[in-house]
1. Please identify the trypsin sites (Lys or Arg not before Pro) of segment 203-280 that satisfy two criteria: DSSP loop assignment and at most 13 other Cβ atoms within 10 Å. Which are they?
2. Could you estimate the translational diffusion coefficient of segment 3-139 from the Stokes-Einstein equation, with Rh from the Kirkwood formula over C-alpha pairs, at 37 °C and 0.692 mPa s, in whole µm²/s?
3. Treat segment 151-221 as a sphere of radius equal to its Kirkwood radius over Cα pairs and apply Stokes-Einstein at 20 °C in a medium of 1.002 mPa s; give the translational diffusion coefficient in µm²/s, rounded to a whole number.
4. When you have a sec, figure out the Kirkwood radius of segment 146-405 from all distinct Cα pair distances and drop it here in Å to one decimal?
5. Can you compute the helix-only [θ] at 222 nm over the chain? Use -39500 (n - 2.57) per DSSP H run of at least 4 residues, normalise by all residues, nearest 500 deg cm²/dmol.
6. D for segment 1-71, whole µm²/s, Stokes-Einstein with Kirkwood Rh over alpha-carbon pairs at 10 °C and 1.306 mPa s: what number?
7. With every protein chain left in place, what is the accessible area of Glu104 in Å² (1.4 Å probe, nearest 10)?
8. With N set to the number of residues, divide the alpha-carbon radius of gyration of segment 317-406 by 2.2 N^0.38 Å and report two decimals.
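The values are calculated or read from the model by the stated rules, or taken from the named source; none is laboratory data. Values in this document were obtained by computation on a predicted structure and should not be read as measured data. For neighbour counting, all protein chains shown are included, and Cβ atoms are generated from backbone atoms with ideal geometry for every residue, glycine included. In case anyone asks, the SASA skips ligands and DNA or RNA and just uses the protein heavy atoms, side chains included. Shrake-Rupley method; radii C 1.70, N 1.55, O 1.52, S 1.80 Å.
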Amino acid sequence: MTSELSALRVLLIDDEPFQLKLLSRQFANLGLQDVQTCQDARVALARLKQEPAHFDLVCCDLQMPDMDGIEFVRHLGELRFGGGLVLVSGEDKRILQTAQRLAESHTLRVLGALHKPVMPEQLKTTLRLATQARAATRAVHAAYPANEVALAIEQAQLVNYYQPKVELASGRLAGVEALVRWQHPEDGLVMPDRFIGVAEEHGLIDDLTRCVLAGPNGALQQARSWQDMGCALQVAVNVSMDSLTDHAFPDYVAQAVAAAGVPASRLMLEVTESRAMKDPMATLDILTRLRLRRIGLSIDDFGTGHSSLAQLRDIPFDELKVDRSFVHGACANEALRAILQPSLNMARQLGMKTVAEGVEDIDDWQYLQAAGCDVAQGYFIGRPMPPGHLLGWLAEWEVRRGALLA
Ligand code: C2E
Ligand code: CA
Ligand code: CA
């Protein structure tokens, strides 16, 4: 571990020479050999631009005169910096938390938000994360090129995993969400963040959706198999707003549902607005026609700014899924509760079912139960799994469920 630590290449940015000296000494004490310092965020950016892959870790102060930490982080995001980021600040905790979220929204890998003065133990923990992240980054984060994604769709290398959604009041299994993975011939199981964006940008997302929904091992076929086993489970499929501009989509879905031999209401489409809607009227038209065909509609990632109030006003959703960034830890975080609770109330007033995603521990579970949320989904209940594992999971859940409700 120590040798891995010492190999980390770090860039420190702080306008105060004293702070820089102090931090570099702390890094040196932990055995790090390649620690560069920089007093000006602009200069740091230039250095990072020149050699984007050189640094494993960037450690940045928030309060700086020329370019502050928030602006720096935005540029770092634009550079698609793949290493770890640590934010350091003497400001209050809320500001650090906000800065951290901003950095994450630029898809930067934030390893820590440290309050000055930085404690050696904290630093050590953060650096451990950095060594793990470095190992993972190269293997796990880069997106695949579009031609490979196209081939994966064509050669049926995409597989659906399913994650349970359970009722908070009864613990009853309410349905499952299909989450696509790519069974890559060389790289193993690849997560969707490495190919969904690519598919969206290169006009492949419609083909991907069709494959996930109605392919030979698609969600509808799976719903039919479970139905044949006496298990009438609602199956949710993610659809990006991007693919809701095709007027033929509602008929296509209705026909696929009929061909699979399951009722339309057995299917739920989870919709997120990944970018600005290209054609809001067309989308409204298509979503309304899906509703008329009795297909369920869920507004996904609610609260993230992608899924907005305007959509709630305009589109007849049956279900609202509060994004996991407002769920996990809500019971101990007032700011999260201030968003979560009104979202639940509003959905209820609009006659929608509420789902919380990202339920990771018993505190989350109990808080949501008390808050009157209808359905929970998350690692606490069950991780996404191959369809063949679902009944085994259900048997174990029945036991845990008894204990939870007792
Ligand atoms: P999403 O729709 O918000 O799906 C939930 C994501 O959160 C899943 O990530 C799931 O594995 C993860 N998750 C579930 N429970 C927990 C928890 O307790 N804690 C945490 N931290 N995470 C949890 P996954 O499978 O990597 O999918 C990422 C995203 O990729 C999905 O986010 C969805 O937007 C997109 N996606 C997945 N499958 C498809 C698909 O077939 N079509 C489209 N268009 N998008 C898809
Ligand atoms: Ca979803
Ligand atoms: Ca989400």
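1. Arg275, Lys278
2. My calculation gives 225 µm²/s for D.
3. The calculation lands on 163 µm²/s.
4. Kirkwood hydrodynamic radius for segment 146-405: 18.8 Å.
5. Calculated at 222 nm, the ellipticity per residue is -13500 deg cm²/dmol.
6. 127
7. My reading of the accessible area for Glu104 is about 90 Å².
8. 1.13
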